[in-house]
Amino acid sequence: MSAILETHDLHVYYGKKEALKGIDLSFNEGGITALIGPSGSSKSTYLRTLNRMNDLIPDVTVTGDTLFRGQNIYSPQIDLVTLRKEIGMVFQQPNPFPFSIYDNVAFGLKLAGNQNREYLDQVVETSLKQAAVWDEVKDHLHDSALSLSGGQQQRVCIARVLAVSPDIILLDEPTSALDPISSSQIESTLLKLRADYTIIIVTHNLQQASRIADRTAFFMNGEVVEIDETKKIFMNPAKKATEDYISGRFG
């Protein structure tokens, strides 16, 4: 199976500090890959290279190849708006816009020039259903998204990403700011989406990775120590450093 997304010898520098030290990883279509590792292991830096979010940080240098469907996303020909539509991102803190729930979800479509109300209504409903928050918000679509609970806000943010039909969804610790019930709802949502989307999630929560990920990559000091099926990483890791981290000896 050919990879939908891959990185080859990927290095990232903040100024002179090397944050990523030659990462080779590939992701096939569908399924959930978790990126785990101690704080400061640069797993979020890696995630942000995959849709060029690091471009927003001053004094960043990225070398190596990041290929999406075989095309280098750092090529000058790449349109960033299109790239970030195809590779969507959900952040650690829920970040709905200060608009209605409806306008949050429809935002990307309207930005692309879609004004057909019937079409927008349909996509908003479908996306909120996919994000498992429709039943909670369907009677309040024109209320501010900021009036929702944190967990609901995060699922609306997932719906906002889904509305523009991405191929890949990146999530940077999407439940770390949420209570256990909201976290569980997000996990259930991701498990339903994994058949239709390629999902890459950074998580500090090892139990979360073991519950939802098909594959898990262990990062340490800006390098990938190993990547394998999640069950193998947790039950029978190939590297001692992975075993020490999983068993709580550091991190």
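So what is the orientation-averaged projected area of the stretch 132-181, using the convex hull of its C-alpha atoms, in nm²?
Mean projected area for the stretch 132-181: 4.1 nm², to one decimal.
Hey, what does the equivalent ellipsoid look like for the stretch 189-250, semi-axes from the Cα gyration tensor as sqrt of 5 times each eigenvalue, largest first, whole Å?
22, 12, 11
If we restrict to alpha carbons, what Rg and Dmax does the stretch 154-206 come to, in Å?
In order Rg, Dmax, the Cα atoms of the stretch 154-206 give 10.7, 30 Å.
So what is the calculated 222 nm ellipticity per residue for the chain, using -39500 (n - 2.57) for each DSSP H run with n of 4 or more, over all residues, to the nearest 500 deg cm²/dmol?
One gets -10000 deg cm²/dmol as the mean residue ellipticity at 222 nm.
Under 5 Å between amide hydrogens, which residues at least 5 positions from Gly22 or on another chain qualify, with H placed 1.01 Å from N in the peptide plane?
For Gly22, whose amide H was placed from the backbone, the distant partners under 5 Å are Leu10, His11, Val12.
Just to be sure I understand: with springs between alpha-carbon atoms less than 10 Å apart, which residue in Met89, Met53, Met220 has the highest mean-square fluctuation in the Gaussian network model of the chain?
Checking each option, the largest mean-square fluctuation is seen for Met53.
Mind listing the phi-derived Karplus ³J(HN,Hα) values for the stretch 162-177, rounded to whole Hz, using 6.51, -1.76 and 1.60 with θ = phi - 60°, and x for any glycine or proline?
5, 4, 9, 6, x, 8, 10, 10, 9, 10, 9, 6, x, 10, 5, 9
Taking the Cβ-Cβ separation of Asn95 and Ser39 as r and a Förster radius of 35 Å, what is the calculated FRET efficiency to the nearest 0.05?
The formula returns an efficiency of 0.95 here.
Please report, in cubic angstrom per residue, the volume enclosed by the convex hull of the alpha-carbon atoms of the stretch 37-86.
Spread over its residues, the Cα hull of the stretch 37-86 gives 105 Å³ apiece.
One quarter of the convex hull surface, Cα atoms only: what value does that give for the chain in nm²?
Over every viewing direction, the Cα hull of the chain projects on average to 13.8 nm².
Considering every pair of different Cα atoms, what Kirkwood radius, in Å, is found for the stretch 1-89?
Evaluated on the stretch 1-89, it is 13.6 Å.
On a 0 to 90° scale, report how tilted helix 101-111 is relative to the longest principal axis of the chain, with both axes built from alpha carbons and the result rounded to the nearest 10.
Roughly 80 degrees between the two axes.
Where a number appears in this text, it was derived from the coordinates with a stated rule and is not lab data. Computed from a predicted model, the values in this text were never measured in an experiment. Cβ: placed from backbone, ideal geometry, glycine included. Neighbour counts: every protein chain shown.
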